[in-house]
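This report refers to the structure that appears directly beneath it.
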Amino acid sequence: MLKKYWWKILSLLLLLYAVTYGFYVAIPETMILQTMRNLFYHVGMWFGMFTMLIVSFIYSLKYLKGFHEENDRVAIEAVNVGILFGFLGIFTGMTWANFTWGSPWVKDPKLNGAAVGLVIYLAYIILRSSVEDRHKRAKVSAVYNIFAFVLWIIFVLILPRLAGDSLHPATGDNSTPVLPMHLDPSMRTVFYPAMTGWILLGTWILQIRIRISKLKHQIED
Amino acid sequence: MLLKRELTHLFLKEIRLELKQRYVLNGILLYLVSTVFVTYLAFTGTITSETWNSLFWIILLFVAVNGISKSFIQENPARHLYYYTIASPEAIVLSKILYNLFLMAILSILALLFFVLLMGNMIQNPGLFVTALILGSFGLSSVLTMIAAIASRASNNFSLMAILSFPIVLPLLMTLMKVSGSALTSGSWSGTLPLIIILLIINVAVILLAFLLFPYLWRD
């Protein structure tokens, strides 16, 4: 029993730890003061979204390899969960930006990259709903998913170069990048568990959604 | 060699088809002229080089979406079935991309001429601008051909074409605007090489993806 559930319990424990200890842990003195703590939630959610989109991409590839409906189901449900996390990431980011940059939406490559990602995947959902036949829908949307994901990654990679400086850390040319391993050690003790927690929670939601979709399918047949 | 022969025949077929249904081509040309005219009336006298640049590419994007969206729906599905039996899917998609490239090259030159005529010439570095135009026609035609193929499999084709392609075409469009923007502000080529390399990478990636993915779209 426990063998199957351990990661769900772990996800809950990690997130519980993140939302409690995240407010107690000592953080370094910076310009943005206590809002720094949002890093545990905001960035963690982006990682959750990204993981889901990669999962979707992989399962779309798998679908085109063998045309098993199972893989298509994972691909669409992973996109759904990814979009959920994407919106959560945007809302937490907007709250944060409002305090630190003075406005909920500022012109910044990372924000634009994220917004374009959401638009791409909302379009993916609309594409799916406009194809009647089940197999055709799976095939066409898998092709779009792969095509769009690759171009989106290119977009996210080249945007900072086009836009010049980002307000986010880590994109200026002469600054040292602020990768997780460069974070203050005390923050790392919360950031890594929080990130893992969000990704596991996403996987959990994904699993439930796949089950629901399977049941719905059985009822329809 | 077989691919090359198929490609030639299919490419010629596209041209013959276009000449036969000349109203489609005329429609796009008129669309181009009217949009440029609308921007001319809306922006006359108040235009900066940045606005000039953005307007030009946005108009070209809309013209491209309009011109290419018909690629896979102008012939009836039964005829597609026939092509499927006589040609490889790779040849089909490459011939469509090549034809659309040809179309886009003509349309972008006409767009540029008409735009310059009405909005004034702000280009300082014609060589760089033309480079952007060529790479742009290439990129737009390959991305949009692929999206047209995807959208043609679904109902509600036209609005799908726009919502599927706009977010995807952005990396290309923004890099193009950056390159042509520097062709408008200075006569030098400095600093544009990395951007041109990015454009080439995007173009190669799109062609590769089209080559690999199109066979799945084609078979029903």
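Annotations for the structure displayed:
Let's see how each residue does on (1) under 24 Å from B:S165 (Cβ atoms); (2) out of contact with any helix residue (DSSP H, G or I) (no Cβ under 8 Å at 6 or more places or on another chain); (3) free of Cβ contacts under 8 Å to residues at least 60 places away in the same chain:
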site: B:R22; (1), (2), (3): no, yes, yes
site: B:I47; (1), (2), (3): no, no, no
site: B:T51; (1), (2), (3): yes, no, yes
site: B:A64; (1), (2), (3): yes, no, no
site: B:I68; (1), (2), (3): yes, no, no
site: B:F72; (1), (2), (3): yes, no, no
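- When residues of region B:183-198 are limited to those that are at the interface with chain A (Cβ under 10 Å from one of its Cβ atoms) and surrounded by 14 or more Cβ atoms within 10 Å (Cβ to Cβ), the one nearest to A:I153 (Cα to Cα): B:I198
- Just one of the numbered conditions (1) outside any helix (DSSP H, G or I); (2) closer than 22 Å to B:L217 by Cβ is not true of A:I27: (2).
- Every pair of residues 6+ apart whose Cβ atoms lie under 6 Å, when the first sits in region A:86-114 and is hydroxyl-bearing (S, T, Y) while the second is modelled with pLDDT of 80 or more: A:T92/A:Y41; A:T92/A:H42
- For region A:66-82, the criterion of being of a type in the set (F, W, Y) and either in a helix (DSSP H, G or I) or free of Cβ contacts under 8 Å to residues at least 24 places away in the same chain (or both) is met by no residue.
- Qualifying residue in region B:55-77 (condition: of a type in the set (G, A, S) and loosely packed, with under 13 Cβ neighbours inside 10 Å): no
- Condition check for B:M146: crowded, with 18+ Cβ neighbours inside 10 Å, over 16 Å from B:W57 (Cβ atoms) and either modelled with pLDDT under 90 or more than 8 Å from every other protein chain (Cβ to nearest Cβ) (or both): no
- Members of region B:16-43 that are surrounded by 13 or more Cβ atoms within 10 Å (Cβ to Cβ) and among the β-branched types (V, I, T): B:V24, B:I28, B:V33, B:T35, B:V36, B:T39
- Which numbered condition B:V93 misses (of (1) under 22 Å from B:S155 (Cα atoms); (2) over 17 Å from the mean Cα position of the chain (by Cα); (3) at pLDDT 85 or above): (2)
- Here B:S180 fulfils each of the conditions (1) more than 8 Å from chain A (Cβ to nearest Cβ); (2) not in a helix (DSSP H, G or I) apart from (2).
- Hits in region B:44-54 - residues which are modelled with pLDDT of 85 or more and surrounded by fewer than 19 Cβ atoms within 10 Å (Cβ to Cβ): B:T48, B:S49, B:E50, B:T51, B:S54
- Hits in region A:112-161 (condition: facing chain B (nearest Cβ under 7 Å) and of a type in the set (S, T, N, Q)): A:S130
- Among (1) in a helix (DSSP H, G or I); (2) closer than 20 Å to B:V63 by Cβ; (3) among the aliphatic types (A, V, I, L, M); (4) more than 8 Å from every other protein chain (Cβ to nearest Cβ), the one test that B:L164 misses: (4)
- The residues listed here are A:G93, A:G102; of these, the one that is in a loop (DSSP other than H, G, I, E, B) and either modelled with pLDDT under 95 or under 23 Å from B:L217 (Cβ atoms) (or both) is A:G102.
- Residues (modelled with pLDDT of 85 or more and among the polar types (S, T, N, Q)) located in region B:14-32: B:N26
- Enumeration of residues in region B:158-196 that are without any contact (Cβ under 8 Å) to a residue 12 or more places away in the chain and over 19 Å from the mean Cα position of the chain (by Cα): B:S190, B:G191, B:L193, B:P194
- When the residues of region B:150-161 are filtered to those that are part of a helix (DSSP H, G or I) and in contact with a helix residue (DSSP H, G or I) (Cβ under 6 Å, 6 or more places away or on another chain), the one that is farthest from the other protein chains (Cβ to nearest Cβ) is B:M161.
- Test: residue in region B:117-129 that is within 22 Å of the chain's Cα centre (by Cα), crowded, with 17+ Cβ neighbours inside 10 Å, under 22 Å from B:A210 (Cβ atoms) and among the aliphatic types (A, V, I, L, M): no
- Helices (runs of 4 or more DSSP H) contained entirely in region B:1-114, each with at least 1 residues that are within 24 Å of B:P126 (Cβ to Cβ): B:22-43, B:49-68
- Residues of region A:125-150 that turn out to be within 19 Å of the chain's Cα centre (by Cα), surrounded by fewer than 23 Cβ atoms within 10 Å (Cβ to Cβ) and farther than 15 Å from A:F50 by Cβ, as a count: 2
The values are calculated or read from the model by the stated rules, or taken from the named source; none is laboratory data. Remember, predicted model here, so these are calculated numbers, not experimental data. A quick note on method: Cβ atoms are made from the backbone with ideal geometry, for glycine too, and the neighbour counts reach across all protein chains shown.
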